[in-house]
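One structure is given below, encoded as structure tokens.
Just so it is clear, none of the values below were taken in a lab; they were calculated from the coordinates. Keep in mind that what you see is a predicted model, and the values were worked out from it rather than measured. When we count neighbours, we look across all protein chains shown, and the Cβ atoms used for this are built from the backbone with ideal geometry, even at glycine.
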Amino acid sequence: MSQVSLIVKLVAKEGQRDDLAKAFSAAFPHVAQESGTRYYMLHEDAGNADALWIYEMYESKADQDAHGAADWFKPFQGTLGPFIAGVEFIGLKPIGGKGL
């Protein structure tokens, strides 16, 4: 299995989680066009009013790299900057389960 996943924790500046989520939603039309992007989902943290979580799954490492190198991605990241207090990345390799 060559799929790769990433979990990203976005911590918003206090009271700006909704603004961050709204800005983040601009990515969805772009990733919908990426053939190697299997999942790209944004979640609210149920226990932290300032945190969002992103779950990403790609068909391959090359697809993940293409996502990060896409023309739209760097300007998109810049739109998130005013709302972000911190970011944490966790790389994963799927090994089994429903949906694979």
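Restricting segment 68-100 to residues that are surrounded by 13 or more Cβ atoms within 10 Å (Cβ to Cβ) and aliphatic (A, V, I, L, M) leaves a set whose member that is nearest to I7 (Cα to Cα) is L92.
Mind checking whether some residue in segment 42-49 is closer than 12 Å to V4 by Cβ and under 12 Å from the mean Cα position of the chain (by Cα)? No, every residue in segment 42-49 fails to be closer than 12 Å to V4 by Cβ and under 12 Å from the mean Cα position of the chain (by Cα). Filter segment 29-67 down to residues that are in a helix (DSSP H, G or I) and out of contact with any helix residue (DSSP H, G or I) (no Cβ under 9 Å at 6 or more places or on another chain) and give me whichever is surrounded by the most Cβ atoms within 10 Å (Cβ to Cβ). It comes out as Q64. I'd like the residue in segment 29-41 that is within 12 Å of the chain's Cα centre (by Cα) and aliphatic (A, V, I, L, M) and, out of all such residues, is nearest to V87 (Cα to Cα). The qualifying residue nearest to V87 (Cα to Cα) is M41. For segment 18-28, filtering for residues that are surrounded by 16 or more Cβ atoms within 10 Å (Cβ to Cβ) and under 14 Å from A85 (Cα atoms) leaves 2.
Taken together, the residues in segment 1-17 that are surrounded by 13 or more Cβ atoms within 10 Å (Cβ to Cβ) and either part of a loop (DSSP other than H, G, I, E, B) or among the charged types (D, E, K, R) (or both) amount to 5. Of the residues contained in segment 3-13, one or more are found to be within 21 Å of I95 (Cβ to Cβ), aliphatic (A, V, I, L, M) and touching a helix residue (DSSP H, G or I) at 6+ places or on another chain (Cβ under 6 Å).
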